[in-house]
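Bear in mind these aren't lab numbers, they're just calculated from the coordinates by the rules spelled out. Keep in mind the model is a prediction, meaning the values are calculated, not measured. Glycine gets a Cβ as well: all are built from the backbone with ideal geometry, and neighbour counts include every protein chain shown.
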Amino acid sequence: MAETTYYIDEDVGQDSTSQNGDETSPYKSLGFAVLSHGEWHKFVTRKSDTGDAPEGSDATATSEWKPVAKAAMKKAVNYAKTQKKKAEKEQEQLVLRTKEDADRKKVLEEAKKIVIEEDSSLPTPIRIKLDDTAPEKIKLGNGSDTKGTRVRVFGRVHRERRQKEVMFLTLKDGYGLMQVIFTGPLAKTYDALTLTRETSIEILGELRAVPEGAHAPNGRELHADFYKIHSGWKAAGGEDAITNRVSKDTEHATLLDLRHLTLRGETASKVMIVRDAVEFAFNTVYKELRLRKVSPPALVQTQVEGGATLFKFGYYNEEAYLTQSSQLYLETCLPSMGDVYCIEKSFRAEKSLTRRHLAEYTHIEAELDFINFNDLLDHLEEVMCRVLEVTMADPAIKQYILDLNPEFQVPERPFTRMKYQDAIDWLVEHKIPNEHGEPHKFGDDIAEAAERRMTDIINRPIFLTHFPTEIKAFYMLKDKDDARVTESVDCLMPGVGEIVGGSMRMDEYDELMAGFAREQIDPAAYYWYTDQRKYGSSPHGGYGLGLERFLAWLCKQHTVRDCCLYPRYFGRCKP
Ligand code: 4AD
């Protein structure tokens, strides 16, 4: 091939196939020129030099074309070689991919011809949930001389794994997991070959014990003889597959935007199932203790825990709020129903983005009549421990809790009881400062960080009692022996801090009015509450427990946001 001269001008040249590399149409880089034409040509280069141009002039002085330096040539040759190799490799891969695509297409086309049908000579299957192990209806086969029960199950594909002729699925249905095996034509249909995670499927087959040494949920596997996947049941695959939308590494904010998908994950679904069990246990325990359940209103015109966190809204022509607590309404039920409780939503317009604050949370509240402060603390301890015992009595739920929080143990009774004053002394002793960076003093609201550090160091449930009147709500009863403090309690748990707030209530009319005055609340709207002190008052008290905080502690979750279905907090009201 004849030697040609190619021109390279870093300033005005272009690395493009539209250039031909002659003097009027130079390339920008030597590497590109060598890659395009080979190294055996002559390459010349020049540099524009603006240094000598007169001020204010656009003119550029351009030097002569000179052969390229040896070192530059060596570099360009290497560059061209690597680029060439890369291009060859890409080409090879493209060929391979095209072939694979064609092969797969062919396999899929063939697979479409494989039609499976249910064998009508097999025993009628029984419908079970995936965790069903009732021995009176389910017998496990061993694959040789013992036949297992033939069952029909519905679920979604949680995981799938292919071996040459066999497909293993892990199916989930919200109750449990089941290992399923497809063999023969079942593993070769179009549906099997294109099966995506989360696809819903109906499967029939025989339940057998897993071979010795192998592991599967409930020690069994379903040997499928037939399955059905309706076209509308298939889950998105490829780019849109669920695994590309939510995974362990996805940012928490994205996980919350995609909460509807996050909920399908193992951790989120375990927390939600434990939540169901815990809520049920509260109902059970309250029944045992003869408390009656009521359902107070959510739309109210009175505050309970301070005006700063009220959600206001227009109620026809009036102003109303979303309830902060059902406590005042519970108090009104005591004369007619005895001890009462409710499990309702409470709303707090918290502007804080802490891991334990929600704008909407589930509040478990109870109110007890004719009690003293000690009775209240004893009851609270009893309820919390019984709820845990009842919850843990279900082996599946216990296992979920231990999966989430392996070190969990039901706390020992009695809980540590500590007066506010002693907590202040403890914080000073342990050099844990208040919010202003100063040593704690009587009257300080113990802030979240200090409270959590103290709870984590003590590392067991604490009943913190006798808070100063000034930092507590208008309705709290003063301690007869020390008027500076109230008969109040917060229950603090390691890892979370306060999960319960409660107190004895002022039961005398005049004292309550003084409480309103102190907090500068107009008592007029509270006539229905203050009337309780006019028509047969009583010593009574109660508390509120944040279900999400209780769960964050029980299930060792970093934030209460992961302990409710669709969390609402400052800045989030979706999905
Ligand atoms: O301490 P609090 O504000 O007490 C009351 O509302 C009382 N009126 C309850 C009563 O005596 N019936 O709230 C009680 C509990 C807290 O300990 C905490 O667990 C939870 O409710 N809580 C919250 N949980 C999540 N997000 C928030 N913003 C919460 N505010 C309170």
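Across all Cα atoms of the stretch 290-369, the radius of gyration (one decimal) and Dmax (whole number) stand at 13.6, 41 Å.
Which is farthest toward the positive dipole end of the chain among Tyr315, Phe474, Gly536, measuring Cα position about the Cα centre, with Cβ charges +1 (Lys, Arg) and -1 (Asp, Glu)? Final value for the positive-end residue is Tyr315.
Summarised as an ellipsoid, the stretch 265-306 has semi-axes of 27, 20, 8 Å, derived from the eigenvalues of the Cα gyration tensor scaled by 5 and square-rooted, with the largest first. Altogether, the Stokes-Einstein calculation at 4 °C and 1.567 mPa s, with the Kirkwood radius of the chain over Cα pairs as Rh, returns a diffusion coefficient of 42 µm²/s. Highest mean packing comes first when the peptides 290-297, 559-566 are listed by Cβ atoms within 10 Å, giving 559-566, 290-297. Taking a straight line from the alpha carbon of Lys345, these lysines sit under 19 Å away, with near neighbours fewer than eight places off in the same chain left out: Lys293, Lys312, Lys574.
Peptides 99-109, 16-26 ranked from most to least packed, by the mean per-residue count of other Cβ atoms within 10 Å: 16-26, 99-109. Normalising the average separation of contacting C-alpha pairs (under 8 angstrom, six or more residues apart) by the number of residues puts the relative contact order of the stretch 224-329 at 15 percent.
Any idea what the relative contact order of the stretch 448-575 is, in percent, if you count C-alpha pairs under 8 Å spaced at least 6 apart? Mind dumping the intermediate values first?
Numbers: 190 pairs, mean separation 25.5, N = 128.
About 20 percent, as a whole number.
The H on the amide N of Ser326, modeled in the peptide plane, is under 5 Å from the matching H of no residue at least 5 residues off or on a different chain.
A simple rule links phi to the HN-Hα coupling: the Karplus curve 6.51 cos²θ - 1.76 cosθ + 1.60 with θ = phi - 60°, which for the stretch 363-373 gives 10, 9, 10, 9, 9, 10, 9, 6, 10, 10, 4 Hz, with x for Gly and Pro.
Taking one quarter of the surface of the C-alpha convex hull of the stretch 152-282 gives a mean projected area of 10.1 nm².
According to the Kirkwood relation over distinct C-alpha pairs, the hydrodynamic radius of the stretch 373-476 is 15.9 Å.
Could you list Thr98, Thr309 in order of exposure, starting from the residue whose Cβ has the fewest other Cβ atoms within 10 Å? Before the final figure, lay out each step's value.
Working: Thr98 10, Thr309 19.
Taking fewest neighbouring Cβ atoms as first place, the list is Thr98, Thr309.
The amide H of Phe43, built 1.01 Å from its N in the peptide plane, has Tyr6, Val68 as neighbours under 5 Å, considering only residues 5 or more places off or on other chains.
Among Glu407, Glu367, rank each residue by its count of other Cβ atoms within 10 Å, from fewest to most, as a rough exposure measure. All intermediate terms of the calculation are to be shown ahead of the outcome.
On the way: Glu407 6, Glu367 29.
Final ranking by Cβ density, sparse to dense: Glu407, Glu367.
Averaging the sequence gap over all C-alpha pairs within less than 8 Å and six or more residues apart, then dividing by the number of residues, gives the chain a relative contact order of 9 percent. Excluding same-chain neighbours fewer than eight residues apart, the lysines reachable from Lys147 by a Cα-Cα span under 29 Å are Lys129, Lys137, Lys139, Lys164, Lys172, Lys188, Lys228.
With just the Cα atoms defining each centre, how far is the stretch 149-181 from the stretch 307-361? Give it in Å. The stretch 149-181 and the stretch 307-361 have Cα centres spaced 45 Å from each other.
Each Lys or Arg adds one and each Asp or Glu subtracts one; over the other residues with Cβ under 10 Å from the Cβ of Asn434, this totals -3.
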